[in-house]
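Data block below; observations after.
The values are calculated or read from the model by the stated rules, or taken from the named source; none is laboratory data. Note that this is a predicted model, so its numbers are computed, not measured. We place every Cβ from the backbone using ideal geometry, glycine too, and count neighbours over all the protein chains shown.
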């Protein structure tokens, strides 16, 4: 079977100044709901700009997500955390293994099986949604 | 009951669920009926009446962007109109779903008769080469419905918890500890579960309960890709697309929304689906032992011709103040049909699934397969069909028989 061509996206499709949808507005409201319950010194570190556009939302959601990931967890949950850091976006923790005694009903853990060598290339895993700002020649959208 | 002696099931170690945003089955996959009559898509004769009384037929004129602006209403009252054609229970206690209210519902947003017709548009398969190829080369669900005739967050809750705890809206809600999330159910098992959102700036839609209280469950899409390349994929991965156009925080480029929510470009979602698929498909260590489900959370107010069926009530009731209609909702019928595709090299090409599924099928399937007996589940989840039984071929398909994608 011949490889299928992945559609390209014209440059003008990107619009960070688009007004947020009802979905993102609600997502922001949910973060605000959490933010209101945070200590004042923490809230002071979070962005307080007006959120109208998708870019506005992203610049608010990023820092508060960072905070939620980095803050200490209650003792009962802290055992499950695997190196969560408020570091660089898109390079975060390893998958969490919630290990304990296996249920008798379960089959053998797949995690114990031997892994084969890696064959992936870096290129194959690069997100297609990340587009260089230097790219100039995007095709025009059909009207 | 899943037949665990099936070769593909014996191999199965990973399940990946990618949940996209706000497109109906007919809008995305309805054109496939002309290629495979078993797919319950469009004949071209389906129609709604517009507000002048003129019939508006479905047409293959869907555009990638700028056509469904404003975002079609998909809150509970609007979806009720879309499904029942504007007939209320007060008018007819025995009303039946007729899918005749989509054009009127869209008209109500702008009072523009011409623009209201856009809600009947659908894509031809050549415009969606990724989703269409996967749907025709693996298994497509003819009857996967959103869990609630309403918006995103309550529908996504069904994918995480098997219930929305009585919610039919986008409002803040807190979980009922009676029903844990599917991810928490993996505690005490040798299996692992993780939610991957795109990046910090897009984050998760599961904010109040899981992200706030259990951040250890989360990773970024880059983490997912790294896990695939390092053969460290969790047993269960739930992937959220990018919900906003925004700059990469490190200044390296623009990150375009890939969720396909109107008015985001549908092609960016095609790219994202291809990336998720390729991360598994191109790794010979993962491909034989991984199943991928691509499913949309709800229809986004866009036309579909199949009336949603009734279902097992989940024990909650949303009162009229919450539904925005004269009636309470007992969670006893499903929402509008959405695209859903199941992918594995152990599935025969051209498979069409006719059983009824909904998002409670996701925790139901994952719990059944990885966790085993688990009593504290919603009645909806307990009643929901599970989908791994379609991974049923006696031999794995040859590599050359499984599609690949290229830029």
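Considering only residues of region B:178-201 that are in a loop (DSSP other than H, G, I, E, B), within 27 Å of residue B:260 (Cβ to Cβ) and facing chain A (nearest Cβ under 7 Å), which is nearest to the chain's Cα centre (by Cα)? Checking each candidate, the answer is B:199.
Report yes if residue B:304 is in a loop (DSSP other than H, G, I, E, B), in contact with a strand residue (DSSP E or B) (Cβ under 6 Å, 6 or more places away or on another chain) and buried (at least 24 other Cβ atoms within 10 Å of the Cβ), otherwise no. Spell out the reasoning first.
Numbers: in a loop (DSSP other than H, G, I, E, B): yes; in contact with a strand residue (DSSP E or B) (Cβ under 6 Å, 6 or more places away or on another chain): yes; buried (at least 24 other Cβ atoms within 10 Å of the Cβ): yes.
The answer is yes for residue B:304.
For region A:3-24, give me each residue that is in contact with a strand residue (DSSP E or B) (Cβ under 9 Å, 6 or more places away or on another chain) and more than 7 Å from every other protein chain (Cβ to nearest Cβ).
A:11, A:17, A:19, A:20
So, in region B:249-261, how many residues would count as being surrounded by fewer than 24 Cβ atoms within 10 Å (Cβ to Cβ) and either farther than 22 Å from residue B:65 by Cα or at pLDDT 95 or above (or both)?
So the answer is 5.
Residue by residue, here is whether (1) within 14 Å of chain A (Cβ to nearest Cβ); (2) free of Cβ contacts under 8 Å to residues at least 12 places away in the same chain; (3) buried (at least 24 other Cβ atoms within 10 Å of the Cβ) holds:
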site: B:1; (1), (2), (3): yes, yes, no
site: B:4; (1), (2), (3): yes, yes, no
site: B:7; (1), (2), (3): no, no, no
site: B:15; (1), (2), (3): yes, no, yes
site: B:27; (1), (2), (3): no, no, yes
site: B:38; (1), (2), (3): no, no, no
site: B:43; (1), (2), (3): no, yes, no
site: B:49; (1), (2), (3): no, no, no
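Restricting region B:323-339 to residues that are surrounded by fewer than 18 Cβ atoms within 10 Å (Cβ to Cβ) and out of contact with any helix residue (DSSP H, G or I) (no Cβ under 8 Å at 6 or more places or on another chain) leaves a set whose member that is farthest from residue B:83 (Cα to Cα) is B:330. Of the residues in region B:340-349, at least one is within 14 Å of chain A (Cβ to nearest Cβ), surrounded by fewer than 17 Cβ atoms within 10 Å (Cβ to Cβ) and either closer than 27 Å to residue B:378 by Cβ or out of contact with any strand residue (DSSP E or B) (no Cβ under 7 Å at 6 or more places or on another chain) (or both). When region A:36-57 is filtered for residues that are part of a helix (DSSP H, G or I) and in contact with a helix residue (DSSP H, G or I) (Cβ under 8 Å, 6 or more places away or on another chain), the ones remaining, listed by number, are A:42, A:43, A:54, A:57. Scanning region B:177-210 for residues that are in contact with a strand residue (DSSP E or B) (Cβ under 6 Å, 6 or more places away or on another chain) and closer than 21 Å to residue B:158 by Cα gives B:183, B:186, B:193, B:194, B:195, B:196, B:203, B:204.
When region B:122-140 is filtered for residues that are more than 19 Å from the chain's Cα centre (by Cα) and not in a helix (DSSP H, G or I), only B:124 remains.
The residues of region B:264-299 that are closer than 24 Å to residue A:20 by Cβ, over 16 Å from the mean Cα position of the chain (by Cα) and assigned to a helix (DSSP H, G or I), listed by number, are B:267, B:268, B:271. Against the condition outside any loop (DSSP other than H, G, I, E, B), within 14 Å of chain A (Cβ to nearest Cβ) and more than 30 Å from residue B:345 (Cβ to Cβ), how does residue B:109 come out, does it pass? Answer is yes for this residue. Got a number for residues in region B:265-314 being at the interface with chain A (Cβ under 8 Å from one of its Cβ atoms) and under 23 Å from residue B:157 (Cα atoms)? Matching residues across region B:265-314 total 1. Residues of region B:203-216 that are within 22 Å of residue A:60 (Cβ to Cβ) and within 7 Å of chain A (Cβ to nearest Cβ): B:203, B:205, B:207, B:208, B:211, B:212, B:214, B:215.
Only a single criterion out of (1) surrounded by fewer than 22 Cβ atoms within 10 Å (Cβ to Cβ); (2) over 26 Å from residue B:258 (Cα atoms); (3) in contact (Cβ under 8 Å) with a residue 24 or more places away in the chain; (4) touching a helix residue (DSSP H, G or I) at 6+ places or on another chain (Cβ under 9 Å) is not satisfied by residue B:101, namely (1).
For region B:217-257, residues that are more than 7 Å from chain A (Cβ to nearest Cβ), in a loop (DSSP other than H, G, I, E, B) and under 23 Å from residue B:367 (Cα atoms) total 2. Taking (1) within 24 Å of residue B:272 (Cα to Cα); (2) away from chain A (no Cβ under 14 Å); (3) not in a helix (DSSP H, G or I) in turn, residue B:403 satisfies each apart from (2).
Report yes if residue B:78 is touching a helix residue (DSSP H, G or I) at 6+ places or on another chain (Cβ under 7 Å) and part of a loop (DSSP other than H, G, I, E, B), otherwise no. Judged against the criteria, residue B:78 is not a match.
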